[in-house]
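Notes follow the structure.
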Amino acid sequence: NDFYSYSPSSNLWTPISSSGTPPSPRAAHASIIVGGNLWVFGGLTTGGTLLGDVWRFSFSTSAWSLVSTTGTPPPPRYLH
């Protein structure tokens, strides 16, 4: 459940300190940066459980938060 930033210009990995509860460890999830936030959806746990949760990391506050969504979500998924 480590969190790092990579800089292509310097070819350097830097650990990121964060507050809040981070998402559970996962693989094969989708993530995107939009508007100063990192959004993470779904994935697969080490035990093989599919995930359908949405998490947000705010770069301005360095805080993780679980996002409460509305409407009908897509089914849990990975490798998407």
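Any read-out appearing in this document is the output of simple, stated calculations on the displayed coordinates, not a laboratory observation. Model, not experiment: these values are computed from the prediction. Glycine also receives a Cβ, built like all others from the backbone with ideal geometry; neighbour counts cover every protein chain displayed.
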Percent of alpha-carbon pairs separated by more than 13 Å within segment 35-80: 60
Chain lengthening between TYR6 and ASN37 when straightened (0.36 nm per residue, less Cα-Cα): 9.6 nm
Distance in nm between pseudo-label sites at SER17 and SER62 (7 Å out along the Cβ direction from Cα): 0.5
At 1.567 mPa s and 4 °C, Stokes diffusion of the chain via Kirkwood alpha-carbon radius, µm² per second: 95
